[in-house]
1. Please find, among A:Ser176, A:Ser199, A:Ser137, the residue that is polar (S, T, N, Q) and under 22 Å from B:Trp69 (Cβ atoms).
2. Consider B:Thr176 against the criteria (1) in a helix (DSSP H, G or I); (2) free of Cβ contacts under 8 Å to residues at least 40 places away in the same chain: it satisfies all of them except one. Which criterion is unmet?
3. Evaluate the range A:99-108: report whether one residue or more is more than 25 Å from the chain's Cα centre (by Cα), more than 24 Å from B:Ile261 (Cβ to Cβ), among the aliphatic types (A, V, I, L, M) and in a helix (DSSP H, G or I).
4. Return a yes/no flag: does the range A:211-230 have any residue that is facing chain B (nearest Cβ under 10 Å), buried (at least 23 other Cβ atoms within 10 Å of the Cβ) and β-branched (Val, Ile, Thr).
5. Which members of the range A:264-295 meet the condition of being surrounded by fewer than 18 Cβ atoms within 10 Å (Cβ to Cβ), more than 20 Å from B:Phe237 (Cβ to Cβ) and either more than 9 Å from chain B (Cβ to nearest Cβ) or small (Gly, Ala, Ser) (or both)?
6. So if I check each of A:Ile178, A:Ile233, which one is modelled with pLDDT under 85 and under 19 Å from A:Leu94 (Cα atoms)?
7. At least 1 residues that are of a type in the set (Ser, Thr, Tyr) and more than 22 Å from A:Trp130 (Cβ to Cβ) in each: list the helices (runs of 4 or more DSSP H) lying fully within the range A:221-310 that qualify.
8. Could you please tell me which pairs satisfy a Cβ distance under 6 Å, a separation of 6+ or placement on different chains, a first residue in the range B:158-172 that is within 12 Å of chain A (Cβ to nearest Cβ), and a second residue that is crowded, with 16+ Cβ neighbours inside 10 Å and in a loop (DSSP other than H, G, I, E, B)?
Amino acid sequence: MVDAVISDVRGISTPRKRTGLRRMMQRKSTIAFFMALPLILLIGLLVLYPAFYAVHLATLNKSMQRFVGLSNFTFLFNRETFWMVVRQSCIFALTAVFFKALIGFVVAHFVHNVPANKQRRWRGILLIPWVIPPAMSTLAWLWLFDPSYSAFNWILVHLGLSPVIWTGDAFWARFSVILINVWYGAPFFLIMYLAALKSVPDQLYEAAAIDGANWWQRIWYVTLPMMRNIIAITVLFSTIVTFANFDIVQVLTAGGPIDKTHVFATWAFRLGIQGGDIPLGASVSLFMFPILAICAIFILRDIHRRGNEA
Amino acid sequence: MTVAQATIDRGAPTRARYGSMSRDRRWALRWSYFFLVLFAIFFLTPPLYMLITSLKTSAEISAATNPWWIYNPTLSNYIELLTSSTYITFFRNSAIVSIFVVCITMLISVPAAFALARMKFWGSAVLATGVFLTYLVPDTLLFIPLFKMFAVFNEWTDIQLINKWWVLLIVYPTLTVPFCTWIMIGYFASIPKELDEAALMDGANYRQILFKIFIPVALPGLIAATIFAFTVSWAQFLYPLAFTTSPDQLVLPVGIITTLIKGDVFNWGQIMTGALLGAAPPLIIYAFLMDYYIAGLTAGATKG
């Protein structure tokens with residue numbers, strides 16, 4: 001429609017005699033292309049190129065002068081630490097995403113239950129963890145978990161319990177990084193699910209109540225199916241972000257104790273930037289790619305489907 | 001809504017069934033408040049503890065008294081940090097980087113979103129999907145190749161990018177531009193086509209359509225995108241940690257962690273003060289523009 005209008009206008013207003021180049025510069029698609037050009041350059045030079053460059057780097061030796069094929073990967077496969085990092089990354093991401101989604105879902109219902117004029121205030125309070133830069137808030141957690149001055153241990157001791165070695169013990173260190181990630185990410189789920197809850201028509205609940213459904217049936221047969229799309233997309237988004245998490249682990253434990261809490265990102269940073277072995281670091285970070293690709297495919301499918309419905 | 005129904009229900013207490021429903025509702029409401037308070041305590045403990053510690057002296061902290069109570073409140077940590085030139089440098093670097101990144105992001109993503117939403121060109125559909133996919137590529141995948149690219153660039157051109165704060169102006173847009181473009185496409189696409197068609201009939205060119213129609217109409221989206229770009233650049237931690245090292249080039253998150261934490265002598269009062277002041281700009285923006293903030297947050301997943 002716009003196309004037709006433009007070509008009509010141009011046909012009338014512009015004189016016939018124009019060089020080919022000038023006419024091309026005036027074309028709508030050319031203008032559009034130039035408007036999008038900075039974006040294309042940015043994505044091409046600073047996202048696509050580095051992504052492929054990482055693959056290239058992963059095939060070089062440490063001094064980056066010789067092509068070594070897949071030997072960086074075979075080296076990793078033979079290291080116990082690598083498998084530990086793979087396992088920790090998976091445990092970290094899956095547990096954290098599950099609890100973020102669960103807490104977000106539950107708290108969204110609580111906020112939805114309170115009178116509408118008070119919801120805004122609660123939402124405002126509960127989103128605060130998401131607003132604070134994670135590097136800063138993790139510092140507060142680090143101080144809460146401090147080996148000798150832990151404020152949590154102070155409470156535990158006063159309750160007559162034994163203090164916990166939060167960041168020094170492998171299990172508790174893993175628990176702590178997951179806890180912080182849940183604390184930081186749950187508000188995001190809460191906001192998304194609250195928005196989704198509000199979009200469920202009240203008539204559906206009324207109909208379910210008339211049919212004698214209890215609260216569990218209402219959630220299972222009305223709320224969950226209506227929210228399926230938003231749940232799927234937030235979980236996928238969050239899986240990507242959590243798998244790629246860096247800030248929380250780096251600030252809280254920097255991978256310790258003895259590499260027990262390293263995830264792909266922090267280990268790649270340790271090897272590649274701090275250890276100076278860029279190819280090995282690149283190889284480690286590339287292992288995030290499969291997870292990312294799988295999630296991206298599902299998200300795209302979902303968007304495509306919604307696009308068709310609309 | 002719930003209140004209204006509850007009062008209506010209470011008006012007819014003689015009917016047993018309605019009475020039980022209203023009682024159920026009241027209990028549901030009480031339990032909701034109870035759990036909301038519990039979760040609010042969970043969510044607010046770290047920031048509150050930051051505030052508590054920031055008001056304590058080092059002596060009080062090391063005396064290991066009740067950590068949840070302030071016996072001798074003091075502002076000395078704040079005064080010390082705000083007069084320390086290194087902290088001011090971090091803050092200034094962060095502010096400059098974030099403001100520049102917001103401008104760069106808007107200059108790139110608004111025209112691109114306009115082109116992608118309204119003016120179809122060869123490959124525009126692929127590019128729109130590509131923008132979205134780029135948003136999914138995490139910084140942790142790219143920092144190593146980018147680090148090496150900047151080193152190679154230095155060898156070729158003799159321009160040193162590593163350890164300069166403005167290298168962040170080059171890399172931060174990769175985090176902000178895709179998302180901002182994506183939500184601006186959503187906002188622009190929701191503007192009725194009749195508006196720009198009418199403008200075209202009146203002889204407006206594309207620049208006029210963008211500045212006189214699209215930007216004013218999609219202003220809430222623009223504000224949401226601006227807030228997003230600012231908070232992302234303010235909070236970014238990995239890139240500055242990997243690309244900058246000397247104290248005068250650091251931004252806040254990295255600066256606090258690398259310079260305030262000195263070996264084993266943790267000066268926690270100052271660290272918490274620094275972290276709290278560092279978290280202040282996003283929190284202040286959030287406090288005043290909460291609705292835009294939340295609109296931007298939900299737009300990413302729902303405007304698709």
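The values are calculated or read from the model by the stated rules, or taken from the named source; none is laboratory data. For clarity, every value in this text was computed on a predicted model and none was experimentally measured. Ideal geometry is used to build each Cβ from the backbone, glycine not excepted, and the neighbour counts take in all protein chains shown.
1. A:Ser137
2. Single failed check for B:Thr176: (2).
3. There is no residue in the range A:99-108 that is more than 25 Å from the chain's Cα centre (by Cα), more than 24 Å from B:Ile261 (Cβ to Cβ), among the aliphatic types (A, V, I, L, M) and in a helix (DSSP H, G or I).
4. No, the range A:211-230 contains no residue that is facing chain B (nearest Cβ under 10 Å), buried (at least 23 other Cβ atoms within 10 Å of the Cβ) and β-branched (Val, Ile, Thr).
5. Residues satisfying the conditions are A:Gly276, A:Pro290, A:Ala293, A:Ile294.
6. Of A:Ile178, A:Ile233, the one residue that is modelled with pLDDT under 85 and under 19 Å from A:Leu94 (Cα atoms) is A:Ile233.
7. The qualifying helices (runs of 4 or more DSSP H) are A:278-286.
8. B:Val167/B:Leu161
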